[in-house]
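Since the structure comes first, as structure tokens, the remarks are kept for the end.
The values are calculated or read from the model by the stated rules, or taken from the named source; none is laboratory data. Treat the numbers as computed from the prediction; the structure is a model and nothing was measured. Virtual Cβ from ideal backbone geometry, glycine too; neighbours counted across all protein chains shown. Protein only, heavy atoms only, side chains kept; ligands, DNA and RNA dropped before computing areas. Shrake-Rupley method; radii C 1.70, N 1.55, O 1.52, S 1.80 Å.
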Amino acid sequence: MKAFRLLLSITAFAIISVSSFSQENISIDKVIAIVGNERILLSDVEQELLRIKMQGSSSQNLDRCQILEQLLMQKLLLTQAKIDSLEVNEGSVEMEVERRLNYFINQIGSEKALENYFNKPIFEIKDDLREIIREQQLTQQMQQKIIEKVKITPADVKSFYKHIPKDSLPEIPQQYVLQQIVIYPPDAEKAKLEAKEKLLEIRNRILNGESFTTLAALYSEDRASAIKGGELGFRSREELVKAFADAAFNLQKGQVSQVVETEYGYHIIQLIEKRNNQVNVRHILLKPQFTTDMLSRAVQKIDSIATLIRTDSLTFDEAALKFSQDKKTYLNKGVMINPYTNTLFFEKEHLQPSDYYAIKDLKVGEFSEPFESRDEHANVVFKIIRIKQIIPKHKANLKDDYAIIQQLTKSNKENETLQDWLTKKVKTIYIKIDSDFHGCKFHTKGWIK
């Protein structure tokens, strides 16, 4: 199982295509394998080692034979995806191109430095990325098609746990079960009105001829898109919150929307292009701004609630139900749900830094001093958090970590299903591997024919 755990992650390969290698890095290249109509070059293997180093990872435990086998698996899945006429979402491809390109630019320092590193202009690097990501997404679709019918039962979970070597079980970090009481600053309606009025003023400036992209860069509080003039890239309706999507899909090219309210704040939206079931828009986001007086009154309110709990006038459970303004938790006595795992258990990394800092020295049953934090939409809130339970660091077990063991069981069964498919498919597809690699000890039999 361990040797083939990489099967389900092979689509993460090939960040930039082989032609993106500079002549300094590779002086001689050749085809070292063919799978169906797909070629693998020597530089494909070398570039993966370079990618690992570029991301700060160690390549010592991953030799060229292992990398080649992963590329062989990728090309085999890609070949089958084309046979099955699978298609990718081009909007999704473009979004991933931008994400990875921004990652590389941040890593290397500038767009110019990236062009120098790969010895080609940025548009060619983009073209290389686009083709590789398109292939990756096809490969991923094919992989999901193979394993989509995999199901597991409680009996499967128990059997897997019984037979897996205990040193193969994951180490679970210390976890917390937490309760919270959340207070938003008062006079929210006044702050909302001011945000809407400011956004209407910006909209009028755009309608009078000023540049949407310039004003987005100056004023939008969505900084990730503001640096691109507010542009979001192609998104489907499902990728946008409902109110935003409804407005965006009703716009004509170049039209600017009225003010749109979502849980993130207030937006104006301009349609750049509509393609099939996707839109590319730019937007400007403003959030309500609170005065010092508003914030002070929120602090006073959360302080008074904490005092009531300390003096036993109310239990934390009662205070959460009576005072907390967080709609997701107050009816459950303030018990928090981890959005990453959809469970009650939080690891340190799952908490906002401000939340973890407030509770890190507390014992079970104790609650924090009032502090400023952010909700899931980055709005200002004030909180007190109580530690309901601490689960010490431990090896995963069925009693405490059933969901984790269940996922391990499912992943193992998916790996087995994929391996069975791979073993059979290797026998039916044309595969040729250069003699320089005939000495490789591949995990799957049959690559070398």
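Restricting attention to the range 150-165 and to residues that are of a type in the set (D, E, K, R) and in contact (Cβ under 8 Å) with a residue 40 or more places away in the chain, the residue that is most open to solvent (accessible area, probe 1.4 Å) turns out to be Lys158.
Residues of the range 421-440 being assigned to a helix (DSSP H, G or I), of a type outside the set (Gly, Ala, Ser) and within 19 Å of Gly36 (Cα to Cα), which ones?
Listed by number, the residues that qualify are Trp421, Leu422, Thr423, Lys424, Lys425, Val426, Phe437.
Listed here are the residues, each with its yes/no results for (1) of a type in the set (Gly, Ala, Ser); (2) part of a loop (DSSP other than H, G, I, E, B); (3) touching a residue at least 40 places away in the same chain (Cβ under 8 Å).
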| residue | (1), (2), (3) |
| --- | --- |
| Ile309 | no, no, yes |
| Leu321 | no, no, no |
| Asp326 | no, yes, yes |
| Leu362 | no, yes, no |
| Gly365 | yes, yes, no |
| Glu369 | no, yes, yes |
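Every test in (1) in contact (Cβ under 8 Å) with a residue 40 or more places away in the chain; (2) farther than 29 Å from Asp187 by Cα; (3) not polar (S, T, N, Q) is passed by Leu271 save one, and that test is (1).
For the range 75-85, the criterion of being at pLDDT 90 or above and of a type in the set (Gly, Ala, Ser) is satisfied by at least one residue. So, in the range 228-253, of the ones that are in contact with a Leu (Cβ under 7 Å, 6 or more places away or on another chain) and not in a helix (DSSP H, G or I), which residue ends up least open to solvent (accessible area, probe 1.4 Å)? Once the filter is applied, the top-ranked residue is Leu251. Test Asp436 against the criterion of being more than 30 Å from Ser296 (Cβ to Cβ), loosely packed, with under 14 Cβ neighbours inside 10 Å and not small (Gly, Ala, Ser), and give yes or no. So Asp436 passes the test.
I'd like the full set of residues that are in a loop (DSSP other than H, G, I, E, B), touching a residue at least 24 places away in the same chain (Cβ under 8 Å) and over 15 Å from Arg386 (Cβ atoms), limited to the range 335-351. Across the range 335-351, the qualifying residues are Pro339, Thr341, Phe345.
Taking every residue in the range 56-77 that is among the aliphatic types (A, V, I, L, M) and pairing it with any residue that is modelled with pLDDT under 90, at least 6 positions away or on another chain, the pairs with Cβ-Cβ distances below 6 Å are Ile67/Val45; Ile67/Glu48; Leu68/Val45; Leu71/Asp44; Met73/Ile10.
Filtering the range 255-271 to residues that are assigned to a loop (DSSP other than H, G, I, E, B) and under 26 Å from Asn102 (Cβ atoms) leaves Glu263, Tyr264. Of the numbered criteria (1) over 30 Å from Val364 (Cβ atoms); (2) of a type in the set (S, T, N, Q); (3) in contact with an Asp or Glu (Cβ under 7 Å, 6 or more places away or on another chain), the one Gln175 fails is (1). Filtered by the rule that a residue be loosely packed, with under 13 Cβ neighbours inside 10 Å and either among the polar types (S, T, N, Q) or not in a helix (DSSP H, G or I) (or both), the range 108-139 gives Gly109, Ser110, Asn116, Pro121.
Just name the residue that is most open to solvent (accessible area, probe 1.4 Å) out of those in the range 270-290 that are of a type in the set (S, T, N, Q) and more than 18 Å from Ser236 (Cβ to Cβ). If we take residues in the range 270-290 being of a type in the set (S, T, N, Q) and more than 18 Å from Ser236 (Cβ to Cβ), then Gln289 is most open to solvent (accessible area, probe 1.4 Å).
Could you please let me know if Ser304 is at pLDDT 95 or above, assigned to a helix (DSSP H, G or I) and not aliphatic (A, V, I, L, M)? When the stated conditions are applied, Ser304 passes them. Taken as a whole, the structure places Glu189 among residues that are of a type in the set (Asp, Glu), at negative phi and at pLDDT below 95. Among the conditions (1) crowded, with 18+ Cβ neighbours inside 10 Å; (2) in contact (Cβ under 8 Å) with a residue 24 or more places away in the chain, the only one that Ile390 does not satisfy is (1). Of the candidates Pro186, Pro173, the single residue that is touching a residue at least 40 places away in the same chain (Cβ under 8 Å) and more than 30 Å from Leu408 (Cα to Cα) is Pro186. Of the candidates Glu96, Glu171, the single residue that is surrounded by 15 or more Cβ atoms within 10 Å (Cβ to Cβ) and farther than 30 Å from Leu314 by Cα is Glu96.
A quick yes/no check of all residues on (1) in contact with an Asp or Glu (Cβ under 6 Å, 6 or more places away or on another chain); (2) modelled with pLDDT of 95 or more; (3) among the charged types (D, E, K, R):
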residue	(1), (2), (3)
Ile309	no, yes, no
Ala319	no, yes, no
Gln325	no, no, no
Thr329	no, no, no
Asn332	no, no, no
Met336	no, yes, no
Pro339	no, no, no
Glu349	no, no, yes
Lys360	no, no, yes
